[in-house]
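Following: one structure in structure tokens, then a few remarks.
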Amino acid sequence: MDGTPASPTATSVGGGLGTAAAALASVEGISLDVVDRPIVAVQGLGFVGAAMSIAVASARGDEAPAFTVVGVDLDDAAGRARVDALNAGRFPFETTDASLLEALTAVRNGGNFVACCDPAAYALADVVVVDVPLDIDWRAEPPSLRLAGFEAAIRTVGRGVRPGVLVLVETTVPPGTTEKIVVPTLASELTARGIDPQSVLVAHSYERVMPGADYFNSIVNYWRVFAGHTPAAADAAEAFLQTVINTADYPLTRLTNTTASETAKVLENTFRATTIALMDEWSRFAELAGVDLFEVVDAIRMRPTHANMRTPGFGVGGYCLTKDPLFARLASTALFDTQLEFPFSTAAVRMNDEAPLTVLELVRRELGGELDGKKILLAGISYRQDVGDTRYSPSETFVHAAMAAGAQVAAHDPLVSHWDELEWDTPADLPDPDGFDAVVFAVPHAVYRGLVLADWLGDARPVIVDGFDVLRAEQRHEAQQLGCVVVSIGRGMHD
Ligand SMILES: NC(=O)c1ccc[n+]([C@@H]2O[C@H](COP(=O)([O-])OP(=O)(O)OC[C@H]3O[C@@H](n4cnc5c(N)ncnc54)[C@H](O)[C@@H]3O)[C@@H](O)[C@H]2O)c1
């Protein structure tokens with residue numbers, strides 16, 4: 001697939017495609033401008049695609065919107081809910097990022113943004129951005145790839161797109177996927193339609209989006225890596241990304257081929273997951289040896305070479321760091337017919353998965369060695385501060401293990417009103433600690449770091465376990481002075 005470079009910023013849609021996009025939008029009750037500007041279809045409106053579609057629709061060229069954006073999700077309950085939310089001007093996930101919400105309002109009013117469940121959108125597109133998942137059973141040993149959903153998504157694109165389109169894969173994939181799966185899958189669909197597969201440009205550029213307080217910025221004001229399956233595809237991807245991202249301040253990095261871009265993503269996340277896991281074993285030592293590992297890490301971070309050293313925590317959750325370190329191992333078998341073991345990467349995933357159980361052991365120890373019948377309040381459900389995403393959250397692992405040991409657990413999170421995985425409705429405010437034997441702080445949400453413990457505790461004196469350096473030193477001291485036992489992961493000394 002190495003057709004003529006088609007700079008999406010320069011392409012004129014013409015041919016009534018603007019009218020067709022407006023007709024598609026009107027089904028959703030959205031009025032789109034009927035103008036000739038490039039159309040971008042964003043496939044998948046999850047945590048990445050919903051924000052990316054808003055970022056693309058926010059891009060300006062000569063003062064006017066650079067693109068008309070059609071976000072597409074599956075026609076099922078979850079997909080429909082995301083589409084309806086975006087079309088109503090609501091972001092589909094809890095977020096604390098005001099700039100993302102402002103951008104959504106602006107593009108909703110701007111006449112260049114619609115969401116739908118209609119794959120007909122791909123036939124209108126100059127650019128298709130692929131933001132669908134590619135899942136693995138990462139807790140299985142050996143872990144296994146679940147490629148079917150991803151392949152089906154690519155096939156749908158191949159059944160719709162026109163010659164000249166740029167297909168930009170942003171999904172995190174096993175290195176080699178664009179070359180060995182995406183390109184052949186598209187080619188077979190295009191050939192079946194009598195379209196020269198060479199006329200479609202395929203590129204990969206991975207997302208570094210960080211849902212949280214800086215959600216929108218982490219797309220438009222952040223460095224990007226990309227590569228094309230061909231030089232022409234790389235040129236087209238570069239032109240597109242330059243329009244969406246502030247590349248003057250955050251220059252793009254172009255890699256030699258798509259497998260390199262895919263490798264960069266999984267190595268980047270593997271590095272992070274591995275350094276987090278490393279701190280887990282040193283936390284055990286610090287707790288045993290009477291050492292405050294946070295103090296130690298601060299001292300080591302003075303060396304510029306070690307400035308990004310991690311600190312102890314509650315483990316790793318979310319959709320990325322839990323699975324991404326296993327992608328290269330899976331690629332070696334599934335795409336390169338060789339079995340490389342990746343022992344560090346695999347051990348990192350396993351250690352991070354077990355980290356919340358270590359915190360549970362601290363709770364057990366402080367409650368006299370027995371959890372049966374004990375009442376535990378868990379403060380923090382999502383996998384990260386300022387994020388409402390509960391996928392693979394360490395808190396879920398903690399709750400299952402605590403309940404299996406006979407404890408009763410109540411949970412709170414300022415950004416979670418319904419905990420989908422456990423099917424729990426959770427209270428809006430941090431519950432009264434009265435009646436709980438232990439309180440575990442698991443996520444450093446701002447509301448916990450701002451808590452005035454004397455006011456909140458009242459007459460209650462639960463054991464307080466800080467599982468993620470959530471509490472400030474003053475808060476820990478305050479609780480101790482009130483008579484609470486306070487222990488922190490990674491702190492061998494009660495301060
Ligand atoms: N969540 C993050 O913070 C983050 C950050 C960087 C990269 N990523 C990567 O980005 C990718 C997407 O992650 P996510 O968190 O947005 O996932 P998600 O599960 O939140 O969203 C994926 C969306 O794609 C939709 N979808 C699935 N198949 C589809 C199809 N055939 N057509 C249209 N829509 C379809 C799903 O319904 C869902 O809404 C993953 O590869 C992930 O690893 C995620």
Residues satisfying the stated conditions in the range 45-60, i.e. away from the ligand (no atom under 13 Å from the Cβ), assigned to a helix (DSSP H, G or I) and not hydrophobic (A, V, I, L, M, F, W, C)
SER58
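Mind telling me which of the residues VAL72, VAL42 ends up being buried (at least 24 other Cβ atoms within 10 Å of the Cβ), among the β-branched types (Val, Ile, Thr) and within 6 Å of the ligand (Cβ to nearest atom)? I'd like the intermediate steps shown before the answer.
Details: VAL42 fails: within 6 Å of the ligand (Cβ to nearest atom).
On inspection, the qualifying residue turns out to be VAL72.
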Can you pull out every residue in the range 292-308 that is modelled with pLDDT of 95 or more, in contact with a helix residue (DSSP H, G or I) (Cβ under 9 Å, 6 or more places away or on another chain) and in a loop (DSSP other than H, G, I, E, B)?
ALA307
Which residue, of GLU396, GLU370, GLU421, is acidic (Asp, Glu), closer than 24 Å to GLY490 by Cα and out of contact with any Pro (no Cβ under 9 Å at 6 or more places or on another chain)?
GLU370
Exactly one of VAL129, VAL161, VAL157, VAL169 is within 30 Å of ALA232 (Cα to Cα) and away from the ligand (no atom under 13 Å from the Cβ), and that one is VAL161
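Can you tell me which of ASP337, ASP413 is among the charged types (D, E, K, R), touching a Ser or Thr at 6+ places or on another chain (Cβ under 7 Å) and free of Cβ contacts under 8 Å to residues at least 40 places away in the same chain? Lay out the reasoning, then the answer.
On the way: ASP337 fails: touching a Ser or Thr at 6+ places or on another chain (Cβ under 7 Å).
On inspection, the qualifying residue turns out to be ASP413.
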Do we have any residue at all in the range 367-389 that's under 19 Å from GLU421 (Cβ atoms), of a type outside the set (D, E, K, R) and over 28 Å from the mean Cα position of the chain (by Cα)?
yes
Say we look at the range 77-99 and pick out the residues that are within 13 Å of the ligand (Cβ to nearest atom) and aliphatic (A, V, I, L, M); which of these is farthest from MET52 (Cα to Cα)?
ALA77
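Only one of ALA203, ALA106 is among the hydrophobic types (A, V, I, L, M, F, W, C), surrounded by fewer than 18 Cβ atoms within 10 Å (Cβ to Cβ), at pLDDT 95 or above and more than 14 Å from the ligand (Cβ to nearest atom). Can you tell me which?
On the way: ALA203 fails: surrounded by fewer than 18 Cβ atoms within 10 Å (Cβ to Cβ).
Sole residue among the options that is among the hydrophobic types (A, V, I, L, M, F, W, C), surrounded by fewer than 18 Cβ atoms within 10 Å (Cβ to Cβ), at pLDDT 95 or above and more than 14 Å from the ligand (Cβ to nearest atom): ALA106.
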Filter result for the condition that a residue is among the hydroxyl-bearing types (Ser, Thr, Tyr), surrounded by fewer than 24 Cβ atoms within 10 Å (Cβ to Cβ) and within 16 Å of the ligand (Cβ to nearest atom), over THR178, THR185:
THR185
Which condition from (1) more than 20 Å from THR178 (Cβ to Cβ); (2) assigned to a loop (DSSP other than H, G, I, E, B); (3) more than 19 Å from the chain's Cα centre (by Cα) is the one that VAL316 breaks?
(3)
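Taking the conditions exactly as written (among the basic types (Lys, Arg), within 12 Å of the ligand (Cβ to nearest atom) and over 19 Å from ALA236 (Cβ atoms)), does ARG193 satisfy them or not?
Details: among the basic types (Lys, Arg): yes; within 12 Å of the ligand (Cβ to nearest atom): no; over 19 Å from ALA236 (Cβ atoms): yes.
Answer is no for this residue.
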Just checking, how many residues over the range 246-291 are assigned to a loop (DSSP other than H, G, I, E, B) and either touching a residue at least 40 places away in the same chain (Cβ under 8 Å) or of a type in the set (D, E, K, R) (or both)?
4
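Just a yes or no: is a residue in the range 375-383 of a type outside the set (Gly, Ala, Ser), within 16 Å of the ligand (Cβ to nearest atom), crowded, with 23+ Cβ neighbours inside 10 Å and assigned to a strand (DSSP E or B)?
Going through the range 375-383, the residues of a type outside the set (Gly, Ala, Ser) turn out to be 375-378, 381, 383.
Now drop any that are not within 16 Å of the ligand (Cβ to nearest atom), which leaves 383.
Filter once more, keeping what is crowded, with 23+ Cβ neighbours inside 10 Å: 383.
Of the ones still in play, those that are also assigned to a strand (DSSP E or B) are none.
No, the conditions are met nowhere in the range 375-383.
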Within the range 271-287, can one find any residue that is over 30 Å from VAL486 (Cβ atoms) and touching a Leu at 6+ places or on another chain (Cβ under 8 Å)?
no
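Quick one: in the range 221-244, of everything that is under 21 Å from LEU100 (Cβ atoms) and surrounded by 22 or more Cβ atoms within 10 Å (Cβ to Cβ), which residue is farthest from the chain's Cα centre (by Cα)? Walk me through how you get there before you give the answer.
Initially, the range 221-244 is screened for residues under 21 Å from LEU100 (Cβ atoms), giving 221-224, 240-241, 243-244.
Keeping just the survivors that are surrounded by 22 or more Cβ atoms within 10 Å (Cβ to Cβ) gives 224, 240, 244.
On the way: ARG224: 16, PHE240: 22, VAL244: 19 Å.
Filtering first and then ranking leaves PHE240.
Can you find a residue that is under 25 Å from VAL443 (Cα atoms) and among the polar types (S, T, N, Q) anywhere in the range 336-344? Explain how you work it out, then say what you get.
Initial filter on the range 336-344 (under 25 Å from VAL443 (Cα atoms)): none.
No - not one qualifying residue is present in the range 336-344.
Sort out which residues of the range 423-447 are closer than 28 Å to GLY368 by Cα and of a type in the set (A, V, I, L, M, F, W, C), and write them in order of number. If you could, list the steps in order and put the result at the bottom.
Taking the range 423-447 first, the residues closer than 28 Å to GLY368 by Cα are 430-444.
Answer for the range 423-447, where residues must be closer than 28 Å to GLY368 by Cα and of a type in the set (A, V, I, L, M, F, W, C): LEU430, PHE436, ALA438, VAL439, VAL440, PHE441, ALA442, VAL443.
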Can you tell me which residue in the range 206-230 is nearest to the ligand (Cβ to nearest atom), limited to those that are touching an Asp or Glu at 6+ places or on another chain (Cβ under 8 Å) and in a strand (DSSP E or B)?
PHE226
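Assigned to a helix (DSSP H, G or I), of a type outside the set (Ser, Thr, Tyr) and more than 16 Å from the ligand (Cβ to nearest atom): does that describe ALA233? Walk me through it before giving the result.
On the way: assigned to a helix (DSSP H, G or I): yes; of a type outside the set (Ser, Thr, Tyr): yes; more than 16 Å from the ligand (Cβ to nearest atom): yes.
When the stated conditions are applied, ALA233 passes them.
Being touching a strand residue (DSSP E or B) at 6+ places or on another chain (Cβ under 7 Å) and in a loop (DSSP other than H, G, I, E, B) is the filter here; which residues of the range 346-373 pass it? Even if it seems obvious, please write down each step before you answer.
Filtering the range 346-373 for residues touching a strand residue (DSSP E or B) at 6+ places or on another chain (Cβ under 7 Å) gives 359, 362-363, 366-367.
Listed by number, the list holds a single entry, LEU367.
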With the condition kept exactly as written, say whether any residue in the range 266-287 is touching a Ser or Thr at 6+ places or on another chain (Cβ under 6 Å), at pLDDT 95 or above, more than 30 Å from GLY435 (Cα to Cα) and of a type outside the set (Ser, Thr, Tyr).
no
Look through ALA77, ALA106, ALA121 and report the one residue that is within 25 Å of ASP386 (Cβ to Cβ) and either among the basic types (Lys, Arg) or more than 20 Å from the chain's Cα centre (by Cα) (or both).
ALA106
Quick count over the range 384-411, residues being modelled with pLDDT under 95, more than 17 Å from ALA355 (Cβ to Cβ) and not acidic (Asp, Glu), is 2
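The values are calculated or read from the model by the stated rules, or taken from the named source; none is laboratory data. No experiment lies behind these values; they were computed from the predicted model shown. Neighbour counts run over all protein chains shown; Cβ positions are idealised from the backbone, glycine included.
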